[in-house]
């Protein structure tokens, strides 16, 4: 599964993250090679043709599931609480085999306390009291661990560093209608902040680092000229939509190369499902094709409840789970099959009831609806998936390989 962008290699990572000179990076590698340097976005990158990678050893032994990842979402509170035993029992007793665990949550908090003397930002909450013990338990149960990093949606960082976010005309830090704040993908300081957390997850032993909310706020194209924010090195003045796409894509590419080179982990990206149905999402900066080219795993969020009426010519998408997933899978496969290097596709599917859609527009989701989504994926040759329920209460009696 491992692949690379081919721009940032080991010497680049050593130069950027460790402060080593190009010559020192060469010495660390122990091989002669021709190196060239360039500067992009404040990072000095050292480029070269090909260098073998170090292998990081966490001391844990996880193997990639032969039958493909079939996982569930787990909050920090669940991972550190009594519910974790129930979720482990669920996986032990079914064909599920993986957990996506919050390491940086939707508010911007780390889900464990920062160890004394650590260089990590002091944003820890004691949800997972002993991360090392948690990882050992996952190893004992042969559960493939995926670390979820909520990236640019981040109230904690936006409040602490308003300059990393967006300012209104009154000088306040902007938030959406739900009170959520976002940090700025144009700023390399924000990249480094999130990558530092991702590296800690890799050191803990997570085999897959999943970046969620790798985007600008929804509807940003309607307010970008009303807010004050830095565009860093992306201010070409020609196409602000493409500038957003470039920033998001380059963050993903840089993160993948750094994490793979230093820790040999997979990198996955959560992305809006509709991004695969259009050339580029104009406000949020997601280009499905470009992101897919620079990750190991692409995880589109394709919950039937999240598609508008009429999408895929389906009047009430939430009431037709098989048809929605089938239509999406066909659209995604067409795009991915055109890429020289295809990522693994591992979509997010729905195991929750979207009653907020109103009477007649939703179904009560249970095992039947979950199995319909899985069957649609399988009928399109997609064997991996992740189940989302924010409460971590998954439908009983589900056949996860129907």
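Inside the range 292-316, residues that are closer than 26 Å to residue 211 by Cβ, over 23 Å from the mean Cα position of the chain (by Cα) and buried (at least 17 other Cβ atoms within 10 Å of the Cβ) make up a count of 1.
Restricting attention to the range 72-97, report how many residues are under 18 Å from residue 135 (Cα atoms) and in contact (Cβ under 8 Å) with a residue 60 or more places away in the chain. The total comes to 9. Residues that are in contact (Cβ under 8 Å) with a residue 24 or more places away in the chain, touching a strand residue (DSSP E or B) at 6+ places or on another chain (Cβ under 9 Å) and either farther than 19 Å from residue 90 by Cβ or surrounded by fewer than 18 Cβ atoms within 10 Å (Cβ to Cβ) (or both) do occur in the range 390-400, at least one of them.
Scanning the range 230-240 for residues that are under 24 Å from the mean Cα position of the chain (by Cα) and either assigned to a loop (DSSP other than H, G, I, E, B) or at pLDDT 95 or above (or both) gives 230, 231, 232, 233, 234. Among the residues of the range 326-368, the ones that are free of Cβ contacts under 8 Å to residues at least 60 places away in the same chain and not in a loop (DSSP other than H, G, I, E, B) come to 19 in all. Would you say residue 164 is farther than 29 Å from residue 384 by Cβ, under 19 Å from the mean Cα position of the chain (by Cα) and surrounded by fewer than 24 Cβ atoms within 10 Å (Cβ to Cβ)? The answer is no for residue 164.
Taken over the range 347-389, the residue count meeting the criterion of being on the phi > 0 side of the Ramachandran plot and surrounded by 16 or more Cβ atoms within 10 Å (Cβ to Cβ) is 0.
Taken together, 251, 211, 206, 216 contain a single residue that is part of a strand (DSSP E or B) and either in contact with a helix residue (DSSP H, G or I) (Cβ under 7 Å, 6 or more places away or on another chain) or crowded, with 22+ Cβ neighbours inside 10 Å (or both), which is 211. When the range 121-147 is filtered for residues that are in contact with a helix residue (DSSP H, G or I) (Cβ under 9 Å, 6 or more places away or on another chain), closer than 18 Å to residue 209 by Cα and surrounded by 15 or more Cβ atoms within 10 Å (Cβ to Cβ), the ones remaining, listed by number, are 128, 131, 134, 135, 138, 143, 144, 145, 147. Here residue 285 meets each of (1) free of Cβ contacts under 8 Å to residues at least 24 places away in the same chain; (2) buried (at least 24 other Cβ atoms within 10 Å of the Cβ) with one exception, condition (1).
Does residue 321 satisfy the condition of being in contact with a helix residue (DSSP H, G or I) (Cβ under 9 Å, 6 or more places away or on another chain) and touching a residue at least 60 places away in the same chain (Cβ under 8 Å)? Walk me through it before giving the result.
On the way: in contact with a helix residue (DSSP H, G or I) (Cβ under 9 Å, 6 or more places away or on another chain): yes; touching a residue at least 60 places away in the same chain (Cβ under 8 Å): no.
Criteria not met by residue 321.
The values are calculated or read from the model by the stated rules, or taken from the named source; none is laboratory data. These numbers were taken from a predicted model, which means no experiment stands behind them. Using ideal geometry, Cβ is built from the backbone for each residue, glycine included, and neighbour counts are taken over all protein chains shown.
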